[in-house]
Amino acid sequence: MSSRNNPNRIKSHRSYTVIEASELLGVNPKTVRNWIRAGLPIADEKRPLLIDGADLRIFLKQKRKTYLQQCETHEMYCFKCKQPQLPDADSLQFIAKPAGMVAMTGHCCECGCRANKYVSWRDLDNISQKLGRKLPKAEKHLNL
């Protein structure tokens, strides 16, 4: 449930108690106390523990960034493997979308799970070269 914490719900000019922060974010107060142990700064050691809103926002944004993984243009993120993987070249499909985008769909080469990714038309030649698959002419020139 920690990935659903929305830092935009926190007002940066306000201080929160542990209970207020937990109610605002929809988590257990014990979770907020665990964040304090993990490095979330507090105003002072006196009770009730006060957390600055700006510090809480920064902490949650940094926590969210640790879960993100960058994919190369020819890779797709596999939700089963939980890491960027190369797609199986035989299962790869390109579907034209508006505004110069293409939906790239295929299966993970490790587990076979279906994966999707949006790429630009400009990257199609680069992707096809890196995956060793030649694109049919009809797929390159789809009209919308």
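The values are calculated or read from the model by the stated rules, or taken from the named source; none is laboratory data. None of the values given here were measured: they were computed from a predicted structure. Please note: Cβ atoms are built from the backbone with ideal geometry, for glycine as well, and neighbour counts cover all protein chains shown.
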Original post:
Which condition does Lys65 not pass, out of (1) modelled with pLDDT under 90; (2) more than 23 Å from the chain's Cα centre (by Cα), if it passes all the others?
Top reply: (2)
Subject >> Matching option when the condition is touching a Lys or Arg at 6+ places or on another chain (Cβ under 8 Å), surrounded by 15 or more Cβ atoms within 10 Å (Cβ to Cβ) and either touching a residue at least 40 places away in the same chain (Cβ under 8 Å) or assigned to a loop (DSSP other than H, G, I, E, B) (or both), among Tyr16, Tyr77 >> reply: Tyr77
**OP:** Could you check how many residues of the stretch 47-74 are surrounded by fewer than 17 Cβ atoms within 10 Å (Cβ to Cβ) and either under 30 Å from Ser120 (Cβ atoms) or in contact with an Asp or Glu (Cβ under 7 Å, 6 or more places away or on another chain) (or both)?
**Re:** 12
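To keep it simple, each residue is scored yes or no on (1) assigned to a loop (DSSP other than H, G, I, E, B); (2) of a type in the set (Val, Ile, Thr).
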residue	(1), (2)
Ile51	no, yes
Phe59	no, no
Asp90	yes, no
Met104	no, no
Ala115	no, no
Tyr118	no, no
Arg122	no, no
Original post:
Hey, Glu72 hits all of (1) more than 23 Å from the chain's Cα centre (by Cα); (2) part of a loop (DSSP other than H, G, I, E, B) but one; which does it fall short on?
Top reply: (1)
Original post:
part of a helix (DSSP H, G or I), modelled with pLDDT of 90 or more and among the aromatic types (Phe, Trp, Tyr) - does that describe any residue in the stretch 35-42?
Top reply: yes
Original post:
Which of (1) touching a residue at least 60 places away in the same chain (Cβ under 8 Å); (2) under 24 Å from Gly132 (Cβ atoms) is the odd one out, the single condition Phe94 does not satisfy?
Top reply: (1)
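Please specify each residue of the stretch 89-101 satisfying the condition of being of a type outside the set (Gly, Ala, Ser) and either modelled with pLDDT of 90 or more or surrounded by fewer than 16 Cβ atoms within 10 Å (Cβ to Cβ) (or both).
Taking the stretch 89-101 first, the residues of a type outside the set (Gly, Ala, Ser) are 90, 92-95, 97-98, 101.
The answer is Asp90, Gln93, Ile95, Lys97, Pro98, Met101.
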**OP:** Considering every residue within the stretch 107-125, establish whether at least one is of a type in the set (A, V, I, L, M, F, W, C), touching a residue at least 12 places away in the same chain (Cβ under 8 Å) and under 29 Å from Pro7 (Cα atoms).
**Re:** yes
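Tell me, yes or no, whether the stretch 84-100 has at least one residue that is under 17 Å from the mean Cα position of the chain (by Cα) and either closer than 30 Å to Tyr16 by Cα or among the polar types (S, T, N, Q) (or both).
Narrowing the stretch 84-100 to residues under 17 Å from the mean Cα position of the chain (by Cα): 84-85.
Okay, now just the ones that are also either closer than 30 Å to Tyr16 by Cα or among the polar types (S, T, N, Q) (or both), so 85.
Yes, some residue in the stretch 84-100 is under 17 Å from the mean Cα position of the chain (by Cα) and either closer than 30 Å to Tyr16 by Cα or among the polar types (S, T, N, Q) (or both).
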